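Nothing in this text is a laboratory measurement; each read-out follows from the coordinates by a stated rule. Keep in mind it's a predicted model, so treat the numbers as computed, not measured. Cβ placement follows ideal geometry from the backbone for every residue including glycine, while neighbour counts extend to all protein chains displayed.
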Amino acid sequence: MPDPQSPCPLDLIPPDARLAATVNGADGRIILAAGTPLTPEAIDQLRRSGIATVSLEAPAASADQPESAALARLRQLFRKSAGNPPALDLQRQLAAYRLTAKP
């Protein structure tokens, strides 16, 4: 897998990869938010926007699968909240709760 700290070319993106940072177009508009799963459709959208490389999130440890699933679900639910501090604060609070709550 490519190093999550360095930009990864779109052709080398592994399955189940997620964006580490929000990708903006030349005009400043958000193309894809941080945490977005890089599906074939998302990769095509990046190509059409002229993006050649992206930074990837580090893969989650396999021992944390239930927690990773909960955090992935939160990222999905809050995917359009980039630039909205109250929504991002709520996401952080929910993530902290999900990681400490016992079923």
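Does the range 7-33 hold any residues that are charged (D, E, K, R) and touching a strand residue (DSSP E or B) at 6+ places or on another chain (Cβ under 8 Å), and which are they?
Of the range 7-33, the ones charged (D, E, K, R) are 11, 16, 18, 27, 29.
Result: Asp16, Arg18.
List the residue pairs whose Cβ atoms are under 8 Å apart, where the first residue sits in the range 7-27 and is in contact (Cβ under 8 Å) with a residue 60 or more places away in the chain, the second is not acidic (Asp, Glu), and the two are 6 or more positions apart or on different chains.
Thr22/Ile30; Thr22/Leu32; Thr22/Ala33; Thr22/Ala34; Thr22/Ala82
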